[in-house]
1. In this structure, is residue 62 under 21 Å from residue 215 (Cα atoms), surrounded by 17 or more Cβ atoms within 10 Å (Cβ to Cβ) and either under 20 Å from the mean Cα position of the chain (by Cα) or in the same structural domain as residue 310 (by TED's automatic domain parsing) (or both)?
2. Residues being within 16 Å of the ligand (Cβ to nearest atom) and either surrounded by fewer than 24 Cβ atoms within 10 Å (Cβ to Cβ) or at positive phi (or both): count how many of those fall in region 46-59.
3. What residue, of 113, 73, 25, is more than 21 Å from the chain's Cα centre (by Cα), without any contact (Cβ under 8 Å) to a residue 40 or more places away in the chain and either within 14 Å of the ligand (Cβ to nearest atom) or at negative phi (or both)?
4. Hand me the list of helices (runs of 4 or more DSSP H) wholly inside region 173-264 holding 3 or more residues that are closer than 23 Å to residue 14 by Cβ.
5. Test residue 41 against the criterion of being surrounded by fewer than 24 Cβ atoms within 10 Å (Cβ to Cβ) and within 18 Å of residue 198 (Cα to Cα), and give yes or no.
6. Can we say residue 160 is surrounded by fewer than 16 Cβ atoms within 10 Å (Cβ to Cβ) and touching a strand residue (DSSP E or B) at 6+ places or on another chain (Cβ under 6 Å)?
7. Being within 14 Å of the ligand (Cβ to nearest atom) and crowded, with 24+ Cβ neighbours inside 10 Å, is that true of even one residue in region 177-192?
Ligand SMILES: *Cc1c(COP(=O)(O)O)cnc(C)c1O
């Protein structure tokens, strides 16, 4: 059995989750008639204190629908240079929203209201119209670092003053909530739209939710259909998502705890040159190039039963519900052993 630290997307549904899937009442969701999909959407909307929610096949789709909702062709979205919507969604900002993007270099994984303000275009015919700010929490490429509500509030204020919409890529928002001891309802008040993944650390096999005002979600249904994301008896998947929201949120603290233990050990390893601050379930670290190249390091891990990916010039580990204390011990041992490995 592999120890798989490549991503929290590798999680498999638990027996109890599978049971919930088997028991799910079903209908045709394109007609709005799948009771399990409706139950998930209503539960999530209420959890966040938002008007409505839409169940979609992926987080890429929920983000891309949000971009389409907020942006007209030629408009500009402001986001972090590290943002998933910019780096990992196949150019969707251009492809789906026909929009322009202004990238900001975050400071320790966070963009500030001052940086945003400095990047809002003046109303001059030469410039794209700045229409949207998109944040990501937790920020994957910065090592799962998270904004706190109080850091987001001034950004919300600025967006309201300047008439900008605000979207959150909250693929791992529940990790941030658990790490900061915050509530989903606090986020519902801050953002126009929120995307959350059910298939990451929450452990559902498929699916993401887009949350927002009724008016937005009504339009989002049409965009989802146009993207080919209208699903029929999707209730079995929705039931897994609902199970995840009810049972797999508080346990994220365990993933964070295990990630912290790995980071603690890595900090003592001579071959590690840098570790990004570990606040949630992601560990991104760099290696001294005279010791290990990231690809070689991942090869050596693989020979010892551990899967990990080279990432952003270093290596990334992601902890999740398929990674337990026994596996943690094994990983810590292997990381220690690699300290003494001498490459030919
Ligand atoms: C995984 C992820 C997404 C998109 O998820 P998919 O379901 O794989 O399309 C979006 N944003 C972030 C930050 C992610 O980590």
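1. Working: under 21 Å from residue 215 (Cα atoms): yes; surrounded by 17 or more Cβ atoms within 10 Å (Cβ to Cβ): yes; either under 20 Å from the mean Cα position of the chain (by Cα) or in the same structural domain as residue 310 (by TED's automatic domain parsing) (or both): yes.
Spelling it out, residue 62 is indeed under 21 Å from residue 215 (Cα atoms), surrounded by 17 or more Cβ atoms within 10 Å (Cβ to Cβ) and either under 20 Å from the mean Cα position of the chain (by Cα) or in the same structural domain as residue 310 (by TED's automatic domain parsing) (or both).
2. 2
3. Working: 113 fails: without any contact (Cβ under 8 Å) to a residue 40 or more places away in the chain; 25 fails: without any contact (Cβ under 8 Å) to a residue 40 or more places away in the chain.
Step by step, each of 113, 73, 25 is checked, and only 73 is more than 21 Å from the chain's Cα centre (by Cα), without any contact (Cβ under 8 Å) to a residue 40 or more places away in the chain and either within 14 Å of the ligand (Cβ to nearest atom) or at negative phi (or both).
4. On the way: elements: 173-180, 184-188, 214-226, 235-247.
Ranges flagged: 173-180, 235-247.
5. Details: surrounded by fewer than 24 Cβ atoms within 10 Å (Cβ to Cβ): no; within 18 Å of residue 198 (Cα to Cα): yes.
Here the answer is no, as residue 41 does not meet what is asked.
6. Criteria not met by residue 160.
7. Applying the first criterion (within 14 Å of the ligand (Cβ to nearest atom)) to region 177-192 yields none.
Checked region 177-192: no residue is within 14 Å of the ligand (Cβ to nearest atom) and crowded, with 24+ Cβ neighbours inside 10 Å.
The values are calculated or read from the model by the stated rules, or taken from the named source; none is laboratory data. Predicted, not measured: the structure shown is a model, and the values here were computed from it. Here the Cβ is made from the backbone with ideal geometry for all residues, glycine too, and neighbour counts use every protein chain on show.
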